[in-house]
Amino acid sequence: MSAAALTVLAALLSVAEPCAAIEPAKPAIQSSGPPASLLTIQRVYVDHLGAAMGADEVRDILMSTLMRDRLFALTENEERADAFLRGTASDVIFEEEHESSDSINGHVQTSLSTGGSYSTRANSRGASASVGDAEHARSTERRHQSMAAVRLVNRDGDVLWATTQESGGAKFRGATADVADKVARALAEDVRQARAAAAMPPKLKAAGPGAR
């Protein structure tokens, strides 16, 4: 190749745009279970759950339920707590009205007519009857509804866990006790899963949740 051709080739290569760098593929984000930080919590302070009706009662029963399950030590001293259970709750009793209406209607009509263009007589007879009846019923039902939306927060303000539960009452307990039990059971289940994940052998942890 001549020197002139080499010079032209070098010039073309110098102005050519470099190929865009290929970014490495990002690993897929896998959904994680309960955070391992739940295992670091030893002492919890249950904060007041708002100013709605029945909020203090929900808080008291929730504290008793958590003490029964012995997941954490509960404290009334915020300075000693590792985490705080915060949120809102309500417990209300109200009346719900129901109204219904049933109606029955009937109508009967008969007629008879005789006559002709060349007749001097004409007979007509008719009858009509109508029956109508309506019945209205109104009833009032007493309802009890309890709700709690709570979160577990550490001292740095990080939310470790959260749940929202509601109840209209269960077979053997009222709505307040039932919603507190639902919150405690949801927290106990996630703590159990976190403990199971911490006890898993390292090879199974690296393989992922579906490994056997």
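Read-outs throughout are calculated quantities, based only on the coordinates presented, and are distinct from any laboratory measurement. Note that this is a predicted model, so its numbers are computed, not measured. Cβ sites come from the backbone with ideal geometry, for glycine too, and all protein chains shown count toward neighbours.
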*Fully extended, how many nm does the chain gain between R80 and A162 (0.36 nm per residue separation, minus their Cα-Cα distance)?*
27.4 nm
*So, in nm, how far is label R155 from label F94 when the simple model puts each one 7 Å beyond its Cα toward the Cβ?*
4.2 nm
*For D82, what is the net charge nearby, where nearby means another residue's Cβ is under 10 Å from its Cβ and Lys, Arg count +1, Asp, Glu -1?*
+3
